[in-house]
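Only the coordinates and a few stated rules stand behind these numbers; no lab work does. Remember, it's a predicted structure, so these values are computed and weren't measured experimentally. Reconstructed Cβ throughout: ideal geometry from the backbone, glycine too, with neighbour counts over all protein chains shown.
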Amino acid sequence: MGVWGLSPFVGAAVIQTNYNSANTAVPGPESTVSSTDLLQTHLASASHSGDSGSGYRYFYENPADLSLLTDGQFGGSYDTEASVFPNQVTLTFALDLDASPQGYTISSISTYANWDEGRDGQAYTVEYSLVSAPMTFLTLTTITTFNPDVSTESSTLVRLTSSSGPLAEGVASLRFVFGNYAANQSAVENGGTAYREFDVVGAVTVPEPSSALLFGSGLYLLTSRRSVKARNAL
Ligand SMILES: [Ca+2]
Ligand SMILES: [Ca+2]
Ligand SMILES: [Ca+2]
């Protein structure tokens with residue numbers, strides 16, 4: 001059992017599982033990407049750093065269309081459906097806090113890529129923010145670079161889960177930071193990876209009873225103090 005609001009949970013480790021499969025097949029045990037994950041059902045906004053069209057440094061190719069990462073499609077043609085090619089950029093996905101002010105519990109993160117053996121390698125750092133400080137990003141994990149070099153196996157999936165409980169709770173936003181590389185160098189390989197879908201699986205966060213009690217007692221104290229002040233003022 002983790003500690004609510006702390007991520008990764010105390011005593012838990014982030015588990016990275018890699019899959020790769022034949023060139024046009026969707027890698028992984030499900031053989032399909034999710035169309036019901038949080039980036040499709042509870043996404044408030046998606047944005048990226050770096051200028052589209054600036055090529056090598058930010059995105060190897062255009063368009064830097066982030067909607068292709070959250071459309072529930074793995075896609076076929078790598079020219080039109082292979083999405084973005086993040087190099088030295090940060091992608092930010094803000095979740096819908098109007099729908100869930102207490103944030104979201106993240107159980108797994110899956111990132112899919114496909115092009116050929118020269119653009120299927122994955123490497124990035126995942127950061128997250130909590131509803132208590134939505135603009136403060138903390139590191140969840142830096143994945144171990146996964147870069148198959150087999151011409152007949154060029155679809156890749158990196159899946160992140162926790163050894164115990166969810167990856168994080170009370171999450172407001174997620175960031176994927178690419179380009180831990182020297183300036184003007186390519187991304188993990190060949191200028192940029194052709195990412196196709198990011199699935200962030202989870203649900204709205206429901207505070208544990210102890211947290212709810214603490215929260216409730218805090219409100220009670222605040223209310224009591226106000227009442228005292230009000231009485232004194234009379
Ligand atoms: Ca999806
Ligand atoms: Ca897609
Ligand atoms: Ca490769």
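Please state the relative contact order of the stretch 44-179 as a whole percent: Cα pairs under 8 Å, 6+ residues apart?
The value is 29 percent.
Could you pull the Rg and Dmax for the stretch 14-207, using just the Cα atoms, both in Å?
When restricted to the Cα atoms of the stretch 14-207, Rg and Dmax are 15.6, 47 Å.
Treat each spin label as a single point 7 Å out from the Cα along the C-beta direction, and report the Ser49 to Ala13 distance in nm.
Here the modelled spin labels are 3.0 nm apart.
Fewest Cβ neighbours within 10 Å first, please rank Glu197, Glu208 accordingly.
Glu208, Glu197
Rounded to the nearest 20 Debye, what is the dipole magnitude of the stretch 14-207 about its Cα centre when Lys and Arg each give +1 and Asp and Glu each give -1 at the C-beta?
Taking the Cα centre of the stretch 14-207 as origin, the dipole is about 460 debye.
Going by average Cβ neighbours within 10 Å, how do the peptides 114-124, 90-100, 155-165 rank, with the highest at the top? Walk me through the numbers on the way to the answer.
Numbers: 114-124: 22.0, 90-100: 17.9, 155-165: 19.9.
So the order, starting with the most tightly packed, is 114-124, 155-165, 90-100.
Using 0.36 nm per residue of separation minus the Cα-Cα distance, give me the extension gain between Ala22 and Thr80 in nm, one decimal.
Length gained, Ala22 through Thr80: 19.0 nm.
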